[in-house]
Amino acid sequence: MFDLIIRRARLTDERVVDIALHDGKIAAIGELQDKAKQERDLAGRYYLSAGWIDSHVHCYPKSPIYHDEADAIGVTTGVTTVVDAGSTGADDIDDFYQLTRSAKTQVYALLNIARTGIVTQNELADMTQIDKVGVRDAVQRLPHFIVGIKARISSSVVGQNGIKPLQRAKEIQQENDNLPLMVHIGNNPPNLDEIADLLTSGDIITHCYNGKPNRILTPAGELRASIHQALKRGVRLDVGHGSASFSFEVARVAIAQGILPDTISSDIYCRNRLHGPVHNLAHVMSKFFSVGMTLPQVIDCVTHKAAEGLRLKSKGRIEPGFDADLTIFTIKEETRPFVDSEGATLQGEKHLVPVASVVAGQWVVTDEGKANHVFNL
């Protein structure tokens, strides 16, 4: 007997199926005659996808700058897995790991190459902060928690060091089983071309649609040659919306040219969650309907593409044997304003509304689900 069967779930390709869960895994999919200890019937009215993965968040509660609680940005908003993007370095990663064990949301970390993580805005202005041995030891202690490394390579972070911290990050990556490397881009120096030229297959450029002068598009609106070559090498694009790193215009122009993100992430922390422009991952995802993406494309960016980019091998797909992490949602069609990080506004017509999360087979009603009295079982 299965633990839970979710009946008549609508997938993003519009198929309606039953999904059986057992021992924290997806056990069967189809038109199921089996019995289960629990059943939920979506009656074909609610969409179901693999659990949403937010691959760029900040949720180390003790961080003095960018902090939040994992469940406030996770299961209560339809996100089953979050990946903290460099809030902590080798000094605090063990404390962060212990704090996350009580969360319902599954939490992973990209380890900041600076020992201190982000306790100031310029953690890479002092090259002595980058301790290769400290990184190696942390990765060896927490191999199932640390899924990659993070380097913030913009002028306010690196100070006078230019491209040197990224060169060191690439050395660290090669010394640690070629872990995924996420690189934050922003104001220059260093110039984005210098950054792109160092990146190799599987590396992730976050803040890919920022509106700053050092962005992926030329002044004429064409993709920079260095980024074009990087994408050909297998470099990945991550949204990382955040408070200052997403432009509707850059996203619209890029997507119209076929330059789609590999992953849609929020770069969320308490302030941009409460006061915008981020609010939650569903809100960020909804903005992409207005700049040229379809529902299946958007969902792919927070499920299997996010899992593949960070090597979360048992997540991101609705297939037997994969983790029983699921997001149940609906789409509300009404006109509401969206705001980007530049302060630009556009009228959004479609909004994703997550109503329940399933994490390792455990059902959690989201804040939206509670507010709308959905699934009060």
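The values are calculated or read from the model by the stated rules, or taken from the named source; none is laboratory data. As the structure is a prediction and not an experimental result, all values here were calculated from the model. For neighbour counting, all protein chains shown are included, and Cβ atoms are generated from backbone atoms with ideal geometry for every residue, glycine included. Please note that ligands, DNA and RNA were not included when accessible areas were found on the heavy atoms of the full protein model with its side chains. Shrake-Rupley method; radii C 1.70, N 1.55, O 1.52, S 1.80 Å.
I'd like the residue in region 251-280 that is part of a helix (DSSP H, G or I) and open to solvent by less than 10 Å² (accessible area, probe 1.4 Å) and, out of all such residues, is farthest from TYR209 (Cα to Cα).
ASN272
Are any residues in region 82-137 over 19 Å from the mean Cα position of the chain (by Cα) and among the polar types (S, T, N, Q), and if so, which ones?
GLN98, SER102, THR116, THR120, GLN121, ASN122, THR128, GLN129
Condition first: polar (S, T, N, Q) and open to solvent by 40 Å² or more (accessible area, probe 1.4 Å). Now tell me which residues in region 312-329 satisfy that.
Narrowing region 312-329 to residues polar (S, T, N, Q): 314, 327.
Answer for region 312-329, where residues must be polar (S, T, N, Q) and open to solvent by 40 Å² or more (accessible area, probe 1.4 Å): just SER314.
Condition first: of a type outside the set (Val, Ile, Thr) and within 17 Å of SER55 (Cβ to Cβ). Can you find one or more residues in region 320-331 that meet it?
Within region 320-331, the subset of a type outside the set (Val, Ile, Thr) is 320-326, 329.
Filter once more, so that each one left must be within 17 Å of SER55 (Cβ to Cβ): 323, 325.
Yes, region 320-331 has at least one match.
Within region 201-217, can one find any residue that is assigned to a helix (DSSP H, G or I) and buried (at least 16 other Cβ atoms within 10 Å of the Cβ)? Walk me through it before giving the result.
As a first pass, look at region 201-217 and keep what is assigned to a helix (DSSP H, G or I): none.
No, there is no match, as no residue in region 201-217 is assigned to a helix (DSSP H, G or I) and buried (at least 16 other Cβ atoms within 10 Å of the Cβ).
Of THR327, THR335, which residue is part of a strand (DSSP E or B) and within 16 Å of the chain's Cα centre (by Cα)? Write out each step before concluding.
Details: THR335 fails: within 16 Å of the chain's Cα centre (by Cα).
The conditions single out THR327.
So if I check each of ASP41, ASP13, which one is modelled with pLDDT of 95 or more, among the charged types (D, E, K, R) and in contact with a strand residue (DSSP E or B) (Cβ under 6 Å, 6 or more places away or on another chain)?
Details: ASP13 fails: in contact with a strand residue (DSSP E or B) (Cβ under 6 Å, 6 or more places away or on another chain).
The conditions single out ASP41.
Can you run down the residue pairs with Cβ atoms below 9 Å, 6 or more apart or on separate chains, where the first is in region 27-55 and touching a residue at least 60 places away in the same chain (Cβ under 8 Å) and part of a strand (DSSP E or B) and the partner is open to solvent by less than 30 Å² (accessible area, probe 1.4 Å) and basic (Lys, Arg)?
ALA50/LYS315; ILE53/LYS315
Only one of these is of a type outside the set (S, T, N, Q) and assigned by the TED database to the domain that holds PHE329: ILE26, ILE65, ILE73. Name it.
Numbers: ILE65 fails: assigned by the TED database to the domain that holds PHE329; ILE73 fails: assigned by the TED database to the domain that holds PHE329.
None of the other options fit; the residue is ILE26.
Show the residue pairs meeting these rules: Cβ distance below 8 Å; 6+ apart or different chains; first residue within region 272-294 and under 16 Å from SER55 (Cα atoms) and free of Cβ contacts under 8 Å to residues at least 40 places away in the same chain; second residue among the hydroxyl-bearing types (Ser, Thr, Tyr) and assigned to a loop (DSSP other than H, G, I, E, B).
VAL278/SER243; VAL278/SER266
Which of the residues spanning region 220-250 are open to solvent by less than 60 Å² (accessible area, probe 1.4 Å), over 22 Å from SER290 (Cα atoms) and assigned to a loop (DSSP other than H, G, I, E, B)?
ARG224, GLY234, VAL235
Of all residues in region 133-168, how many are outside any helix (DSSP H, G or I) and either touching a residue at least 24 places away in the same chain (Cβ under 8 Å) or among the polar types (S, T, N, Q) (or both)?
Qualifying residue count for the region: 13.
For region 330-349, state whether one or more residues are closer than 19 Å to LEU11 by Cα and open to solvent by less than 10 Å² (accessible area, probe 1.4 Å). Walk me through it before giving the result.
Start the filter on region 330-349 by keeping residues that are closer than 19 Å to LEU11 by Cα, which leaves 330-333.
When the remaining residues are screened for being open to solvent by less than 10 Å² (accessible area, probe 1.4 Å), the result is none.
Looking through region 330-349, none of the residues is closer than 19 Å to LEU11 by Cα and open to solvent by less than 10 Å² (accessible area, probe 1.4 Å).
Scanning for something touching a Ser or Thr at 6+ places or on another chain (Cβ under 9 Å) and open to solvent by 10 Å² or more (accessible area, probe 1.4 Å), does region 22-35 turn up at least one residue? Walk me through how you get there before you give the answer.
Taking region 22-35 as the starting set, the residues that turn out to be touching a Ser or Thr at 6+ places or on another chain (Cβ under 9 Å) are 25.
Right, trim to open to solvent by 10 Å² or more (accessible area, probe 1.4 Å) and you get 25.
Yes, region 22-35 contains a residue that is touching a Ser or Thr at 6+ places or on another chain (Cβ under 9 Å) and open to solvent by 10 Å² or more (accessible area, probe 1.4 Å).
Looking at region 112-130, is at least one residue assigned to a strand (DSSP E or B), hydrophobic (A, V, I, L, M, F, W, C) and within 16 Å of HIS56 (Cα to Cα)?
So in region 112-130, the residues assigned to a strand (DSSP E or B) come out as 112, 114, 130.
Next cut, hydrophobic (A, V, I, L, M, F, W, C) only: 114, 130.
So of that shortlist, the ones also within 16 Å of HIS56 (Cα to Cα) come out as none.
Among the residues of region 112-130, not one is assigned to a strand (DSSP E or B), hydrophobic (A, V, I, L, M, F, W, C) and within 16 Å of HIS56 (Cα to Cα), which makes the answer no.
Have a look at GLY321, GLY369 and point out the one that is small (Gly, Ala, Ser), under 25 Å from GLU14 (Cβ atoms) and at pLDDT below 95.
On inspection, the qualifying residue turns out to be GLY369.
How many of the residues in region 66-107 are under 22 Å from HIS283 (Cβ atoms) and not in a helix (DSSP H, G or I)? Walk me through how you get there before you give the answer.
Our first condition is that a residue be under 22 Å from HIS283 (Cβ atoms); within region 66-107, this holds for 66-85, 87, 103-107.
With the extra rule that they be not in a helix (DSSP H, G or I), the set shrinks to 66-69, 74, 78-85, 87, 103-107.
Residues that pass the stated criteria total 19.
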